[in-house]
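**Q** Have a look at this one before I ask anything.
The values are calculated or read from the model by the stated rules, or taken from the named source; none is laboratory data. Owing to the predicted nature of the structure, the values given are computational and were not obtained by experimental measurement. Glycine gets a Cβ as well: all are built from the backbone with ideal geometry, and neighbour counts include every protein chain shown.
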Amino acid sequence: MGRNSTEIIKCLIYIRVSNMYADDVKNSFKIDELNKELKKETQGYLKITKIMINEKKYVLTTHLEIAILFSADMYHLVKINKGKMTANLAKLFKKKRREEICNQIEKKFNEKMKNEISNRAGWRAFASPLIIDYKLRVV
């Protein structure tokens, strides 16, 4: 990873789930498994360094706040997606580069979360929006 282009990106996920499924959701966020998937897509330039899970239990639901810290080599991530010339130009616009990468991460996580919710719901897939509600923000 480049010394000057490595940045920390924080992904915040707020999930509301019924108490019955809270443990399943918590167990699905494992650093090793997520890093393997990220390595395939980003050639190792985006790595998860830490996952923090905060849990608040209520009568019928559990609210999970999940913070995922990424170590991202911005130059190489842009180079993979857009090419070498664009990556060199993006060095001049660091704020825009970070914003674009955060948007891509957010889009990928949204797709992944929707797929996981519907896959894990199984025969309850029709009710999956009622079972789990989530919000995602990448900063």
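**Q** Consider region 2-22. How many of its residues are surrounded by 12 or more Cβ atoms within 10 Å (Cβ to Cβ), out of contact with any helix residue (DSSP H, G or I) (no Cβ under 7 Å at 6 or more places or on another chain) and at pLDDT below 85?
**A** 2
**Q** Can you spot a residue in region 81-92 that is touching a strand residue (DSSP E or B) at 6+ places or on another chain (Cβ under 7 Å) and surrounded by 12 or more Cβ atoms within 10 Å (Cβ to Cβ)? I'd like the intermediate steps shown before the answer.
**A** Going through region 81-92, the residues touching a strand residue (DSSP E or B) at 6+ places or on another chain (Cβ under 7 Å) turn out to be none.
Taking every residue of region 81-92 in turn, none turns out to be touching a strand residue (DSSP E or B) at 6+ places or on another chain (Cβ under 7 Å) and surrounded by 12 or more Cβ atoms within 10 Å (Cβ to Cβ).
**Q** Next up: Looking at region 35-77, which of the residues that are assigned to a strand (DSSP E or B) and free of Cβ contacts under 8 Å to residues at least 24 places away in the same chain is surrounded by the most Cβ atoms within 10 Å (Cβ to Cβ)? Step through it out loud before you land on a result.
**A** Let us first name the residues in region 35-77 that are assigned to a strand (DSSP E or B), namely 46-57, 61-73.
If we keep only those that are free of Cβ contacts under 8 Å to residues at least 24 places away in the same chain too, we end up with 48, 50-52, 54, 56.
Numbers: Ile48: 19, Lys50: 12, Ile51: 15, Met52: 12, Asn54: 10, Lys56: 10.
Across region 35-77, the extreme among qualifying residues is Ile48.
**Q** Among the residues of region 116-135, is any among the hydrophobic types (A, V, I, L, M, F, W, C), over 17 Å from Ile8 (Cβ atoms) and at pLDDT 75 or above? If you could, list the steps in order and put the result at the bottom.
**A** Within region 116-135, the subset among the hydrophobic types (A, V, I, L, M, F, W, C) is 117, 121, 123, 125-127, 130-132.
If we keep only those that are over 17 Å from Ile8 (Cβ atoms) too, we end up with 117, 121, 123, 125-127, 130-132.
With the extra rule that they be at pLDDT 75 or above, the set shrinks to none.
Checking region 116-135: not a single residue is among the hydrophobic types (A, V, I, L, M, F, W, C), over 17 Å from Ile8 (Cβ atoms) and at pLDDT 75 or above.
**Q** Now, a different point. Inspect region 81-89 for any residue being part of a strand (DSSP E or B), farther than 24 Å from Asp133 by Cβ and either touching a residue at least 60 places away in the same chain (Cβ under 8 Å) or among the β-branched types (Val, Ile, Thr) (or both) and give the result as yes or no. Full working, then the answer.
**A** Here is the first cut: in region 81-89, the residues part of a strand (DSSP E or B) are none.
Within region 81-89, none of the residues are part of a strand (DSSP E or B), farther than 24 Å from Asp133 by Cβ and either touching a residue at least 60 places away in the same chain (Cβ under 8 Å) or among the β-branched types (Val, Ile, Thr) (or both).
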